[in-house]
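Before any comments, here is the structure.
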Amino acid sequence: MSASLIAVDAMSGDFGPRCIVPACLACLGEIPSLHLTLVGQAPLLEELIARHPRVDRARLSIVHAGEVIAMDERPAQALRSKADSSMRVALDLLREQQVQACVSAGNTGALMALSRHVLKTLPGIDRPAMFAALPTEQGLCHLLDLGANMDCSAEHLYQFAVMGSVAVETLGVERPRVALLNVGTEEVKGNQQVKQAAVLLQRARGINYVGFIEGDGLYRGEADVVVCDGFVGNILLKASEGLAAMIAGEVKAQFGRSLASRLVGVLALPFLHRLQARLAPARHNGASFLGLQGIVVKSHGAAGAEGFRSAILRAQAEVRENLPQHLHDRLEALLIGR
């Protein structure tokens, strides 16, 4: 397997380098083809790495960046005034082709604004979209946008659908089913943007558009790609994470109510572990910014070491598939040439 070179914004996220550095070192130990560049305050990063003497430093480097973009900082402020932030320097490394991908758990708005400014979008794409997987009865459904674009036109939704379809094709899904998230499946339902996007997708060649889908249909696995604006998508994602956590907590509480229930819980433990592993948000952590001229993966800001590992693996998979080039080639036919 060829090497994957990934820059990591090591200073961002709710837990910062004390979570990110161990996650990165664990990934290096697990994946021999992985090379990481940690971007951030070098003395602190060196101190944290020194606690792990068996690290292969031939596959680990540090690039110093003196500033950090706060999680509540305005994107415009980050764009104007923090050229030496760990996020900006990591993206600069990607633009200069010193690495093949960038992973950050930082401020989503700042990351999107900086990514668009530094890397630019692919031809035919107005706005990048956040793209990630959710578990369903049939396997996985890929949802976009997850929060990068609060207000979207029909054309934006159409572009998201095309990008999502192409991206899922690279994962090995032949003719992925594409649907628009809506308040009903009937053609008369929905706002004007969704209705107009449906007309565009019905006319599209090369897209397996299957119509509108409701939230429950998403979890039944009725589509491989589900498209919505970032306002709806982010609410759906956070609600799904909250529901999964509530179910896990409720199951645990029920099995602890009495001796009999505890005994049943012991018997059900293998099943519960499998269920927890399947639904755990950390397993699916890592949202891709589709539509950029480069690979950028956003980790959840509150992700722990396991979740950040998933984001790195997502970036490595996109490097392996050369996703931006694949998108560029397909978008030329599906968007520019329509």
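Below are the figures for this structure:
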item: For the chain, accessible area per residue (1.4 Å probe, heavy atoms of protein chains only), Å²; result: 46 Å²
item: Within the accessible area of the stretch 23-72 (1.4 Å probe), percent carbon and sulfur; result: 54 percent
item: With every protein chain in place, the stretch 111-269: carbon and sulfur % of accessible area (1.4 Å); result: 57 percent
item: Among beta bridges that DSSP assigns inside the chain, antiparallel share in %, nearest 5; result: 25 percent
item: Cβ-placed point charges (K, R +1; D, E -1), dipole of the stretch 45-115 about Cα centre in debye, nearest 20; result: 140 debye
item: Peptides 50-63, 180-193 ordered by average Cβ neighbours within 10 Å, highest first; result: 180-193, 50-63
item: Cα gyration tensor, the chain - rounded (a/c under 1.5), prolate or oblate; result: oblate
item: Residue-by-residue Karplus 3J(HN,Hα) for the stretch 198-212, coefficients 6.51, -1.76, 1.60, Hz, glycine and proline x; result: 4, 4, 4, 6, 5, 8, 6, 9, x, 10, 8, 7, 10, x, 7
item: CD proxy at 222 nm, helix term only [per DSSP H run n ≥ 4: -39500 (n - 2.57); per residue of the chain; nearest 500]; result: -15000 deg cm²/dmol
item: Within the stretch 119-266: Cβ-based charge dipole about Cα centre, in debye rounded to nearest 20 (Lys, Arg +1; Asp, Glu -1); result: 280 debye
item: Mean shadow area of the stretch 156-240 over all directions, Cα convex hull, nm²; result: 5.3 nm²
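The values are calculated or read from the model by the stated rules, or taken from the named source; none is laboratory data. Owing to the predicted nature of the structure, the values given are computational and were not obtained by experimental measurement. Virtual Cβ from ideal backbone geometry, glycine too; neighbours counted across all protein chains shown. Surface accessibility is based on the protein's heavy atoms, side chains included, excluding ligands, DNA and RNA. Shrake-Rupley method; radii C 1.70, N 1.55, O 1.52, S 1.80 Å.
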